[in-house]
Structure formats: C-alpha cells, structure tokens
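Trainee: Got a structure for you, questions after.
The values are calculated or read from the model by the stated rules, or taken from the named source; none is laboratory data. Given the structure is predicted, the values throughout are model-derived calculations rather than measurements. Cβ atoms come from the backbone with ideal geometry, glycine included; neighbour counts cover every protein chain shown. In case anyone asks, the SASA skips ligands and DNA or RNA and just uses the protein heavy atoms, side chains included. Shrake-Rupley method; radii C 1.70, N 1.55, O 1.52, S 1.80 Å.
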Amino acid sequence: MRNWKTLIFILILFEGCKKLYNPPTITAPNSYLVVEGVINSGADETVIKLSHTVNIASNITLNPVNGAVLTVESDQSAVYPLAESQIGVYTANGLNLDNSHKYRLRIKTANEEYLSDFVTVENSPPIDSVNFVIQSDGLNIYSNTHDANNNTKYYRWDYEETWIIHSQFDSFFKSNGDYVVQRDYINDQIYTCWTSTASSTIILNSSAKLARDVIVNNPIVFIPSTSEKLSSKYSILVKQYALSGNAYAFWQNLKKNTEQLGSIFDAQPSQISGNIHSTTNPAEPVIGYISVGSVSSARIFIANQQLPAWADSHNDPTCKLDTFYFKYIAPGSTTPINQVDLHINYNKGATNPEIPVQAISPPGSPPIGYTASEPSCVDCTLRGTNVKPSFWK
C-alpha cells in the first residue's frame, strides 16, 4: 500500500512539472514544393496544382504558388506550355500527345527550377461500370475495370461528388432593400441548390499478383444513410488513372504516411520520394509524382427513391419561422411599428435582415405581413449554387 501511495505522489509531482514542448518541425522555416496533377495525353484538359507546405503551427491551410512557368516537354524536344487559370492552378487544353514518346514537366518559380523525370505514357483502360450496394447503414460505391491486354496492372482513382440540397424554408418573396417584392421563382429560387466536393483520400488497387488484369468491386466511397447527400439526388464522377510500378509505390507510400498512421501497429512514417527534383538544389525534397496518360471516367446518379426509407435527419432544429406584421403594437404600447421594415427591408432599419418566406394575407385582402427566417435557413446558395450543372439529368 505504501509503494502505491509513493507512486501516486511521484505521478502528481511530474504532472505539476510538465512543460509545453514544441518540436522543431512545428516551427521549422522550411517550405517544400507540392505538385499535384497528371499530364493528360489525350483530348482532356491537363491540370497541375502548385503549392508550398506550411508549418503545423501556421494558421495558413493553403499556400498556392502563383506566377510560375510550367511546360510539358517530350524526349524529342517538343514543348507544350501551361497557363495559370487561377492562383496556383496551371492548365492546358487537350495536348493529344504521341504515346510512343516520353514526357516530363518543367516548373520555373521565382527562385527555383524543377524537372520531373521522363516517363512513358500510361493510358487507362475504360471503366467497365460504377455500381452501388446498399447496406443497413448506408451504401458503398464500387468501380470495375479490366485491361484485355494485361498491361495496366496498377490503378488509382479519385472522384467528384455532386448532390441536391434544400433550404429549410421555400421563399417566394424577397426584399429589394426598401420593399418586399415577389421573387422570380424561375430565375431566382433559393430553395434547391447543387453542391460538390472532391475526394480527399488516396484510392489504389493492383492486379499485379492476379492471372488477369481485372479489378472487381473496387471500393470508392461509403456514404452513411444519415448523409444529406442521399436526401434527394446524388451523382458521382469516378476517374481512373493507370500507373507505372514506381508511381504506384509512391502513392502507396503517401497513403501510408497520411491516412494509415495512428497506432503502433500501423505503418511507420517513411521518406516520400517522388520523381520531381530541383535543378538548383538536388537535395531539396519535392512532394509529388508526375504521370502521363489518358484518364477514364464514368458517372452514375442515385435518386432517393432507389434507397430505403432512411430517417430524414437533415432539418435544422434551430431554424424557425418568424412572423412580422406591417402594423404591430407591442404589449403596453400605443405606438404602431412596421415590423417588416425593422426585420426584412435593410434600407429601412433591418441590421441583420431575415428573408421573407410567405405572405400573411386574410382571404381576399392584400398582405398584412410576412413570415421570414434567417438566411442560413432560407438561402441554399450560401452552401451551393442554384444553377443546375450541365451534366445533371
């Protein structure tokens, strides 16, 4: 018993003497180049993103590199320029490269020059299908492919999701600043919107150990039954890339270092070596791997009617409808006030205007007021766009 009490005392003593320790890596000044993208050898657009790493202690989450000069070069000295379409994003329309040659990427920043290794063109075979399987708690989405020539072996996928969202209340009116007017529901509705997101995980698979180059039911993403994505209509665009053995090893290592850490049984961090190098400082780490090839893609749509009657948990309990009358006399007062002006029309006193939803009209009479609610409960464009995507069915 005495030894147990002594141990507790020692633990308390050490607890009181703890000091905050910030490892050097948290505030290290080094910032390394990150290169994301694939040189598309076909008619589709090539997109390369450049950024710099940031310190863990930094408040910055994105650090794009703008003003760089990027070119694709062939082993026959042909040059294909990329243009900066937005900050840190460099694009080129269909390059339609000769598959018999090798290609590399040259990057010139303000202070450095970088080159990727010459790599062969790895064209992805078509995606055979994208399908989904319903589980009790959601659905799994899978992709299937094969290479009849048994040449691909190594694959990577990413995806873009798009789905319909609805605001809590459907607004048929709006404020022009001074008055409440009827909303143009065809061109200015804010009840139905579309929102999108891109994949954030690394999806890999290989048929190298199989007799045939076939990938069946490769997991792409799981969507919980409680997700808003499934409340109306959902679409996913799956993109498939063919990889070389070296590229596959790079992505495997990156996946282990970024997604599979957390316990002593997981893979331990290791050096991530890509195929991009600084020409002025060969020892400088550069994060990224440039591949060249065509990309295969397939899109599916999933309507809510195709799914079980899962409980709808997407209503925001904090959203409520307020009622505002043109002439209102507060209890204990004899002075009428215009509540609509005070709460909806921002040119007439509303400091945080609510959005009108419906008119309050006695039968056969003009409106005497409106119901209204907070913008977050009425305006779906705060989370998406009310312009239907061109691909939407």
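Trainee: Compute the helix-to-body angle for 245-259: its Cα long axis versus the longest principal axis of the chain, expressed 0 to 90° and rounded to tens.
Mentor: Once rounded, one gets 40 degrees.
Trainee: Sticking with this structure for a sec: Where a ≥ b ≥ c are the square roots of the eigenvalues of the C-alpha gyration tensor, would you call the stretch 216-362 rounded, which needs a/c under 1.5, or, failing that, prolate if a/b is larger than b/c, or oblate?
Mentor: prolate
Trainee: Also, quick follow-up: Most fluctuating residue of S85, S100, S235 in a GNM of the chain with Cα springs under 10 Å: which is it?
Mentor: S100
Trainee: Continuing with the same structure: Give the peptides 132-141, 32-41 in descending order of average Cβ contacts within 10 Å, highest first.
Mentor: In descending order of packing, they fall as 32-41, 132-141.
Trainee: Among the lysines, select those whose C-alpha is under 27 Å from the C-alpha of K327, and discard any that sit fewer than 8 residues away in the same chain.
Mentor: Partners found: K174, K348.
Trainee: I want to verify a result. In a Gaussian network model of the chain, Cα cutoff 10 Å, which of these has the top mean-square fluctuation: L237, L115, L321?
Mentor: L321
Trainee: Rounded to the nearest 500, what is the 222 nm mean residue ellipticity of the chain from helices alone, with -39500 (n - 2.57) per DSSP H run of 4+ residues and division by all residues?
Mentor: Per the formula, -3000 deg cm²/dmol.
Trainee: Under 16 Å between alpha carbons, and skipping anything fewer than 8 positions from K320 in its own chain: which aspartates and glutamates qualify?
Mentor: Straight-line reach from K320, under 16 Å: D170, E354, E374, D379.
Trainee: Let me ask something additional. State whether the chain is rounded, prolate or oblate according to the following rule on the C-alpha gyration tensor (a ≥ b ≥ c being the square roots of its eigenvalues): a/c under 1.5 gives rounded; otherwise a/b larger than b/c gives prolate, and the remaining case gives oblate.
Mentor: Prolate shape, in that a/c is at least 1.5 and a/b is the bigger ratio.
Trainee: Can you return the aspartates and glutamates within cross-link range of K255? Criterion is Cα-Cα under 20 Å, with same-chain partners fewer than 8 residues away left out.
Mentor: By straight Cα distance, K255 reaches E36, D158, E160, D266.
Trainee: Something else about it: Working with all protein chains in place, sort K320, K102, K327, K239 by solvent-accessible area computed with a 1.4 Å probe, largest first.
Mentor: Listed by decreasing accessible area, they come as K327, K320, K102, K239.
Trainee: Right, next: In the chain, carbon and sulfur make up what percent of the accessible area (probe 1.4 Å)?
Mentor: So the carbon and sulfur contribution to the accessible surface is 53 percent.
Trainee: Does the stretch 309-370 come out rounded, prolate or oblate by the C-alpha gyration tensor, with a ≥ b ≥ c the root eigenvalues, rounded set by a/c under 1.5 and, if not, prolate when a/b is larger than b/c and oblate if not?
Mentor: Note, shape of the stretch 309-370 comes out prolate.
Trainee: Rank L62, L307 by accessible area, highest first, at a 1.4 Å probe radius?
Mentor: Accessible-area ranking of L62, L307, largest first: L62, L307.
Trainee: Which angle between 0 and 90 degrees, to the nearest 10, do you get for helix 2-16 versus the longest principal axis of the chain when only C-alpha atoms count?
Mentor: Taking the Cα atoms of the chain, the angle to 2-16 is about 80 degrees.
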